[in-house]
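See below for the structure under consideration.
The values are calculated or read from the model by the stated rules, or taken from the named source; none is laboratory data. Model, not experiment: these values are computed from the prediction. Quick reminder, even Gly has a Cβ in these numbers, built from the backbone with ideal geometry, and neighbours come from all protein chains shown.
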Amino acid sequence: MGLKSIDPASVTYFKLNNEINIPVNGQIPLDKDKQALAAFFKENVEPNTRRFDSLRARLDYLVANDYYEADFLAKYSDAFKQQLYADVHAAGFQFQSFMAAYKFYAQYALKTDDNEQYLEDFADRVFANALFFADGDEQLATTLADEMIHQRYQPATPSFLNAGRARRGELVSCFLLQVTDDMNAIGRAVNSALELSRIGGGVGITLSNLREGGAPIKGIQGAASGVLPVMKLLEDSFSYSNQLGQRQGAGVVYLNVFHPDIIAFLGAKKENADEKYRVKTLSLGVIVPDKFYDLVQQDAEMYLFSPYSVEREYGQPFSYIDITKEYDNLVANPAITKTKIRARDLETEISKLQQESGYPYILNVDTANAASPVAGKIIMSNLCSEIMQVQTPSTLNNRQEYDVLGTDVSCNLGSTNIPNLMQSPDFGRSVEAMVRALTYVTDHSEIDVVPSVQNGNDLAHSIGLGAMGLHTYFAKHHMHYGSPESLAFTNQYFLLLNYYTLLASNKIARERGQVFHNFEASKYADGSYFDQYIDEDWGIKDPRVATQFAGIHLPTQADWRALRDAVMQDGLYHQNRLAVAPNGSISYINDTSSSLHPIVNRIEDRQEKTIGTIYYPASGLANDTLPYYKSAYDTNMCKVIDVYAAAQRHVDQGMSMTLFMRSTIPAGIYPWKAGRTDKMTTRDLNILRNYAHAKGIKSIYYIRTFTDDADEIGANACESCSI
């Protein structure tokens with residue numbers, strides 16, 4: 001039976017996996033998942049995998065039939081490839097859950113063109129990734145293979161999937177674009193959305209610079225249509241350019257909260273919106289300066305400012321104006337067109353939409369800029385709200401050619417697996433290998449369809465190393481999510497990532513004699529960035545947490561001083577280094593919890609195309625870990641914010657922080673509910689957003705709400721069981 005003709009009803013592994021969610025004498029039958037995993041290999045993987053007599057025969061076949069590129073293989077001797085291949089397979093990698101194996105073979109494993117046979121197992125994919133990203137460096141290839149086969153490092157999906165393939169997509173699939181206030185820029189943005197969707201990209205676009213509806217065009221009042229028609233153009237572009245019909249394009253549009261179209265912008269996502277302007281698949285994000293929080297706190301009126309008149313007065317696009325700093329000047333300036341609303345009314349509109357749809361994302365733009373060590377201005381984020389890099393505007397002529405080529409952003413991502421990296425024999429060496437793998441991606445990223453993205457990437461060399469498996473680590477070490485010891489661990493882990501990525505970036509800059517563009521204007525160059533680590537003792541106070549870091553070199557204040565001096569002398573290669581993505585699919589194949597948030601359920605159910613529901617038990621679920629695996633929906637989101645805030649202190653970009661709410665909140669979760677069971681209200685979301693801002697959180701991704709009428713049978717039937 002070939003892969004194309006698999007019928008879920010005719011195999012046992014789906015049935016076995018589904019039995020996990022049927023308690024037996026009050027216990028979760030986790031053995032059914034192991035049985036499903038074994039049956040999957042017996043019934044699916046083994047009979048449908050193409051075998052080869054030797055590595056040479058395998059590689060010759062893959063190159064000759066246009067499955068692998070020849071170039072990356074030619075950079076290594078046959079003897080080295082043979083040794084590395086033997087080492088990777090000798091590691092004895094085994095998937096730990098049915099979901100992990102199913103995800104890998106369905107989504108990542110190379111298959112024959114007729115989709116009838118597998119051409120790779122996990123070790124084979126690791127082998128190809130290690131050779132590809134090491135770029136001929138045998139020692140680096142060996143280290144990378146070791147990191148990936150032991151799942152300490154996981155490249156992001158586009159990198160892991162495409163590395164070494166002859167007919168591959170891009171190694172990155174996330175982009176940030178800005179639109180300036182002219183028709184040429186709008187046309188170019190629509191074209192860029194089409195092109196980036198064609199290559200599998202998710203695109204973030206800020207519309208904050210566009211003049212509002214009713215603004216003048218060529219002096220004619222009331223002529224401008226505002227941002228809503230542009231949103232529809234972009235949504236249609238993402239839908240049309242759908243990767244040969246396999247997947248819809250994906251995009252998010254951001255708008256500043258002080259833009260006059262902000263109410264209409266939010267309204268376009270509502271169920272009862274005018275169909276002419278309603279957006280169904282386009283995501284929304286709101287850019288929020290500190291001044292908005294101040295006005296909300298004061299229960300004051302707020303002014304919305306015309307980007308058209310602001311740009312005429314200030315000589316630069318609206319996105320680049322510091323609204324918090326200039327607010328009073330903008331209000332007082334009679335040349336600035338403005339309208340007035342109540343700040344709390346707008347805050348409530350944001351919360352209403354978050355209750356209804358999960359949108360908008362929130363970017364606390366002043367928080368992001370205040371924490372940024374890099375000269376320039378962060379003006380937006382991406383489709384997952386974790387990328388925050390400085391940008392500069394472009395100027396286009398009537399041929400849509402660049403008179404001034406600005407800088408936009410591509411996202412070069414990978415993730416550490418926290419439980420496994422904590423067991424690394426050399427934490428620093430592991431992180432350096434990851435940084436070098438990501439450096440290969442940024443150095444070889446060719447997004448020529450959008451020159452501003454290519455220009456930004458070439459100048460910044462930015463990467464985004466993140467993390468997943470935090471809740472898994474907590475549970476396995478009997479720490480409650482959000483407890484003081486969990487915060488202490490999170491703080492130290494991300495301090496280490498910061499230190500060792502800085503060390504690696506400095507080493508690469510010294511080797512190459514090259515630093516990122518405008519390094520000399522950064523807080524790295526003058527050394528001030530390092531003051532926080534030199535002036536404060538970051539030693540672990542909790543002895544239990546300190547034990548967990550035994551064997552890992554924790555940088556001392558003297559180490560930070562030495563690093564500061566080295567960076568001031570030789571610089572950094574990467575403008576940005578750290579970002580925490582949602583990493584959903586890759587967390588499954590790594591058999592760990594995704595990103596930094598709590599698990600959704602101890603037994604999670606996932607709807608997969610064509611086959612229905614797959615159940616995924618939390619990694620390491622056992623009687624001793626059960627009390628520490630509380631659902632995100634039953635967790636105080638202030639604790640989630642606290643955990644993310646502990647990490648954010650050390651992360652130079654952002655983190656995809658999702659908040660999980662129940663439409664009816666059980667008693668005891670939130671103190672402002674006075675200990676009673678109560679409906680979720682806009683006030684709850686207002687409080688959480690303001691708390692996140694106060695804690696230094698740069699962005700909020702989705703608001704996920706579990707409704708009262710949701711079918712909980714599949715999701716929660718085993719929540720009260722033992723193992």
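Below is a table of values for the structure above.
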read-out: Matching entry among Leu421, Leu438, Leu383, Leu405 (being more than 24 Å from Glu235 (Cα to Cα) and in contact with a strand residue (DSSP E or B) (Cβ under 6 Å, 6 or more places away or on another chain)); value: Leu438
read-out: Residue among Arg188, Arg152, Arg167 that alone is among the charged types (D, E, K, R) and surrounded by fewer than 21 Cβ atoms within 10 Å (Cβ to Cβ); value: Arg167
read-out: Condition met for Ser585 (touching a Phe, Trp or Tyr at 6+ places or on another chain (Cβ under 9 Å) and within 30 Å of Arg436 (Cα to Cα)); value: yes
read-out: Residue check, Ala715 modelled with pLDDT under 90 and over 26 Å from the mean Cα position of the chain (by Cα); value: no
read-out: Helices (runs of 4 or more DSSP H) enclosed by the stretch 322-375 - at least 3 residues per element that are crowded, with 20+ Cβ neighbours inside 10 Å and touching a residue at least 60 places away in the same chain (Cβ under 8 Å); value: 343-357, 365-371
read-out: Residue match in the stretch 306-317 (condition: touching a Pro at 6+ places or on another chain (Cβ under 6 Å) and closer than 30 Å to Arg577 by Cβ); value: yes
read-out: The stretch 496-526, subset outside any helix (DSSP H, G or I) and not hydrophobic (A, V, I, L, M, F, W, C), residue nearest to Ala550 (Cα to Cα); value: Tyr524
read-out: Search result, residues across the stretch 644-695 that are crowded, with 21+ Cβ neighbours inside 10 Å and of a type in the set (Ser, Thr, Tyr); value: Tyr644, Ser656, Thr658
read-out: Selection count where residues are surrounded by 20 or more Cβ atoms within 10 Å (Cβ to Cβ) and not in a loop (DSSP other than H, G, I, E, B), scope the stretch 312-321; value: 2
read-out: Residue list for the stretch 286-309, filter: of a type in the set (A, V, I, L, M, F, W, C), within 17 Å of Tyr254 (Cβ to Cβ) and over 27 Å from the mean Cα position of the chain (by Cα); value: Leu304, Phe305
read-out: Residue check for Gly376: within 30 Å of Ala645 (Cα to Cα) and in contact with a Lys or Arg (Cβ under 9 Å, 6 or more places away or on another chain); value: no
read-out: Any pair with Cβ under 7 angstrom, 6 or more apart, that starts in the stretch 39-61 at a residue that is of a type in the set (Phe, Trp, Tyr) and ends at one that is in a loop (DSSP other than H, G, I, E, B); value: Tyr61/Phe52
read-out: Of all residues making up the stretch 1-56, the number that are surrounded by fewer than 16 Cβ atoms within 10 Å (Cβ to Cβ), part of a helix (DSSP H, G or I), at pLDDT below 95 and not charged (D, E, K, R); value: 4
read-out: Identity of the residue in the stretch 517-526, loosely packed, with under 15 Cβ neighbours inside 10 Å and not basic (Lys, Arg), that ends up farthest from Thr407 (Cα to Cα); value: Asp526
read-out: 3 or more residues hydrophobic (A, V, I, L, M, F, W, C) and within 28 Å of Glu147 (Cα to Cα): qualifying strands (runs of 3 or more DSSP E) within the stretch 581-676; value: none
read-out: Tabulated pairs, the stretch 173-190, first small (Gly, Ala, Ser), second modelled with pLDDT of 95 or more and crowded, with 22+ Cβ neighbours inside 10 Å, C-beta under 7 angstrom, 6+ apart or interchain; value: Ala185/Val179; Ala189/Leu177; Ala189/Val179; Ala189/Ile205
read-out: Test result for Ser430, in contact with a Leu (Cβ under 8 Å, 6 or more places away or on another chain), assigned to a loop (DSSP other than H, G, I, E, B), on the phi < 0 side of the Ramachandran plot and at pLDDT 95 or above; value: no
read-out: Unique match (being more than 29 Å from Ala504 (Cβ to Cβ) and buried (at least 17 other Cβ atoms within 10 Å of the Cβ)) among Ala101, Ala141, Ala64, Ala70; value: Ala101
read-out: Exclusive hit being basic (Lys, Arg) and farther than 18 Å from Val365 by Cα, set Lys291, Lys276; value: Lys276
read-out: Some residue of the stretch 462-472 being part of a helix (DSSP H, G or I) and touching a Pro at 6+ places or on another chain (Cβ under 7 Å); value: yes
read-out: Within the stretch 213-229, tally of residues that are surrounded by fewer than 24 Cβ atoms within 10 Å (Cβ to Cβ), within 38 Å of the chain's Cα centre (by Cα) and at negative phi; value: 6
read-out: Residue under evaluation Thr180, criteria (1) at pLDDT below 95; (2) touching a Pro at 6+ places or on another chain (Cβ under 6 Å), criterion not met; value: (1)
read-out: Scan of the stretch 527-561 for residues that are outside any helix (DSSP H, G or I) and either under 28 Å from the mean Cα position of the chain (by Cα) or surrounded by 13 or more Cβ atoms within 10 Å (Cβ to Cβ) (or both), ordered by number; value: Gly527, Trp538, Ile540, Asp542, Phe549, Ile552, His553, Leu554, Pro555, Thr556
read-out: Given (1) in contact with a Gly (Cβ under 6 Å, 6 or more places away or on another chain); (2) closer than 30 Å to Gln27 by Cβ; (3) aliphatic (A, V, I, L, M), index of the condition Ala645 fails; value: (2)
read-out: Cβ-Cβ under 8 Å pairs, at least 6 apart or on other chains, the stretch 638-666 side within 19 Å of Ala467 (Cβ to Cβ), far side of a type in the set (Asp, Glu); value: Gln653/Glu386; Gly654/Glu386; Met655/Glu386; Ser656/Glu386
read-out: Selection count, the stretch 391-408, where residues are in a strand (DSSP E or B) and within 31 Å of the chain's Cα centre (by Cα); value: 7
read-out: Extreme residue, surrounded by the fewest Cβ atoms within 10 Å (Cβ to Cβ), among residues of the stretch 193-212 that are assigned to a strand (DSSP E or B) and touching a Gly at 6+ places or on another chain (Cβ under 8 Å); value: Gly202
read-out: Residue within the stretch 112-132 that is closer than 23 Å to Gln423 by Cα and free of Cβ contacts under 8 Å to residues at least 24 places away in the same chain present; value: no
read-out: From the options Gly675, Gly620, residue that is touching a residue at least 60 places away in the same chain (Cβ under 8 Å), among the small types (Gly, Ala, Ser) and at positive phi; value: Gly620
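For (1) on the phi < 0 side of the Ramachandran plot; (2) aromatic (Phe, Trp, Tyr); (3) without any contact (Cβ under 8 Å) to a residue 40 or more places away in the chain, each residue gets a yes or a no:
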position: His477; (1), (2), (3): yes, no, no
position: Glu485; (1), (2), (3): yes, no, no
position: Ala504; (1), (2), (3): yes, no, no
position: Ala509; (1), (2), (3): yes, no, no
position: Tyr524; (1), (2), (3): yes, yes, no
position: Pro543; (1), (2), (3): yes, no, yes
